[in-house]
Amino acid sequence: MPGLCPPSDEQTVTIQDRKRGELPVPRGGVLIAQGENRDAIYTVLQGVLIRYRTLDDGRRQITNFLFPGNLVGLQAAFDEPFGHSVEALIPSRVCVFHRKDFTPLIAAHPRLGFDLVWMAAKEEAELEQHLVSLGQRNARERVTALAVWLLERAQATGLASDDNRFEFPMTQVQIADMMGLSHVHANRTLQSLRRDGIIDWRPGGLHIPDLDRASEFARLGPHLPKKSPYI
């Protein structure tokens, strides 16, 4: 995957030593449920998952998307219940680590600890970008910013084609839940962006004809690609 930086041979051996198996997650399957406590930490190996928080009345806010290389369930390392749920958007597969094995893994390879901090900082930066969208961008800019971010993540992890197409089943309801829009408003926004040729986002996938134009429209600024570490 072009967007991921492989660990060293020595790190790979240690990681494989600590690995406790792989777990398939079917589309719509819940890997982690909000409020539960687990002794496992996961790395996404295949697929795409969503992370979300649900209110008592059933309303849901999607907070992030998890692609291959992303670490899932870090809260488990600190023996805390999860404040969110994680669900597979498409059929996915994760690598399983036990919580008790995680600290010795980092102790044996301090560089992995640095990588862990880097991944946490990167995720915080992504959440800041989403927060800016919710607070300052209009609906068309919000949806375009999300589309550009998803496509770039998909390209970096080998899930999108070279012609800026990402085939995945994301519904308008899920887009609305991520962008803080009503379902009706999300539908109208998608139709408007499709008419103007900025993005073409349908239930079966996403196509951005001109990535630079879409980035400029969403006021995302220059994109500086950097390979991500993973554990």
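Per residue, the convex hull spanned by the alpha carbons of region 168-231 comes to 127 Å³.
A full extension of the chain between Asp57 and Leu211 corresponds to an added length of 51.7 nm, given 0.36 nm per residue minus the alpha carbon distance.
Considering only DSSP beta bridges where both residues belong to the chain, give the percentage that are antiparallel (nearest 5).
95 percent
With the whole protein complex present, Ser182 retains an accessible surface near 70 Å², based on a 1.4 Å probe. Simple spin-label estimate for Lys122 and Arg194 gives 3.3 nm between the two label positions (7 Å along the Cα-to-Cβ direction from each Cα).
Remark: relative contact order (region 63-174) = 26 percent; criterion is Cα-Cα distance under 8 angstrom and separation of 6 or more residues. At an R0 of 30 angstrom, the distance between the Cβ atoms of Val13 and Lys226 translates into a FRET efficiency of 0.70.
The values are calculated or read from the model by the stated rules, or taken from the named source; none is laboratory data. Remember, it's a predicted structure, so these values are computed and weren't measured experimentally. Cβ coordinates were reconstructed from backbone atoms using ideal geometry, including for glycine residues, and neighbour counts include every protein chain displayed. These area figures cover heavy atoms from the full protein model, side chains too; ligands, DNA and RNA do not enter into them. Shrake-Rupley method; radii C 1.70, N 1.55, O 1.52, S 1.80 Å.
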